[in-house]
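A quick write-up on the structure given underneath.
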Amino acid sequence: MSPERACTEITLPQTSSAHTPPAARNDGIEGNAEVVSTPQPPRANMRFDTLEEAQRHYLAFARRRGFGIRYNYRKKSEVTGEYIRAAMVCHKAGHQAKEKEDTQNPEPVVPDRMKCSNIRTDCPARMALKARDGNWLVTEFYDDHNHPLILKWSLTGFLRSHKEIPQEDQDFIKILHSINMETSRMMQLMATLYESVEGVPYTPKEMANFRAKLRAENKYTDMQDTMAYFEDLKLRDKDFYYRYKLDDEDHVQYLFWVDSAARKSYKSYNDCISFDATYMTNKYKMPFAPFIGINNHGQSIQLGCGFLKNELSESYIWLFESFLIAMDGVAPLNIITDQDGVMRAGIEKMFPNTTHRNCRWHIVDKATEEIGPFVSKILGLREEMNECINCSLTPEEFETRWNLMIQTFNVQNHEKIAALYKKKKLLGSCLLHAQVLPFLQTTQRSEGFNAVLKKCICPSKSVLGFVCQYANIQAKIMKA
């Protein structure tokens, strides 16, 4: 845009504070008026590079003045098909449409809701433009209105032409949206940047609608965009690996991926793996299955993850097979999961030489539900059972203390206690320590990672959005 179209610095007196946004008002010191950037009023022969630029300029001017705008017409060339003329008018221009009276049906008991509160007054304010020499020239500008203007800045934001979120704010909201910040928190942040809630030129509902549009951007191309993203990662990371399987209708049934940093870490830290598939984290309700390991500092690390269509045996077999392919056929030495029998069958088939343990917390929690009322009735039995399970240092000590306990309290014939004893290989702390699992007796590390995902990723996110945010979390973990 030429210099004559640039914004000018105008000193606003105290009496004009009602026309300016809160950020541009006087600071309260007498004689110290605020200097703010205000668009020049359009005038004849003013030039703009594009019609959109002219619209933005007139829109900014109208927001300051206290009225809305709309296109009166836009004419295209019959030769090129491009716009050559346009006119923008006040939102109250034109005549009010007359409502047709329905003579057939009686008046309703409940009055009809007013669909439009904008009453047109045939306002003459307008700006006409035409294309000339690659630019847009203002041929006519008239700024006299036949109706009161809106003096309060916060109220002009409710006019239709001013409801659109500025492009700079849209870019910023996209960043906040990608980290799963709530809409209410976003509005608090924008209110801080605009120095007041009234200064924000859009409402929480409009921001929520904008976020809904972001979520629907790749509604029909989600998986294609995800595969394209994976291919782009492979160009930048040669050891990045991903695998997927389609069903009969060419829908993605299973998906697994792992980056080079995780594959390299697995070569050193493949002794203890926590695996859990209980977190639904995308709009397709596909179970998310991460492989969580432990490094030499006792910190949790991500060693790959996948999405499954369901939690059947063939799903886990495919996922574990993909994990073995990515890790050059090296199976984990130990793996801990919950008490899912289908998951156990997949582990036995794909990791036959891996020591499999169930989460102690799930076992004890389920046992508490089944035998808790019975144990609580016998004085001292609960304490002795906890000592036996948690404090036995060797398998022999566990056997000795267990036999002494059931004889002392005469509970040899209790079915639930006998069933709990059969799970001793999965339960006793001494056995877990014997398998070098001092830091991995429960699936708490997997559940802790799920908690991080719930905080950073919205459940309604697309798979592509999840994958991108997962990469950010992985980069942060590897950097730490």
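Some observations on this one:
- For region 138-240, carbon and sulfur atoms together expose 55% of the accessible surface, with a 1.4 angstrom probe and every protein chain in place.
- With every protein chain in place, region 244-339: carbon and sulfur % of accessible area (1.4 Å): 48 percent
- Rounded to whole Hz, the Karplus (6.51, -1.76, 1.60) HN-Hα couplings of region 55-67, x for glycine and proline: 5, 4, 5, 5, 5, 5, 5, 5, 5, 5, 6, x, 8
- In this structure region 145-243 gives 62 Å² per residue of accessible area when probed at 1.4 Å with all protein chains present.
- Per residue, the solvent-accessible area of region 308-398 (1.4 Å probe, heavy atoms of protein chains only, all protein chains present) comes to 50 Å².
- The label point for E198 and the one for K264, both projected 7 Å from the Cα toward the Cβ, are 5.7 nm apart.
The values are calculated or read from the model by the stated rules, or taken from the named source; none is laboratory data. What you see is a predicted model, and the numbers here were worked out from it, not measured in a lab. Glycine also receives a Cβ, built like all others from the backbone with ideal geometry; neighbour counts cover every protein chain displayed. Note: areas computed on protein heavy atoms with side chains; ligands, DNA, RNA excluded. Shrake-Rupley method; radii C 1.70, N 1.55, O 1.52, S 1.80 Å.
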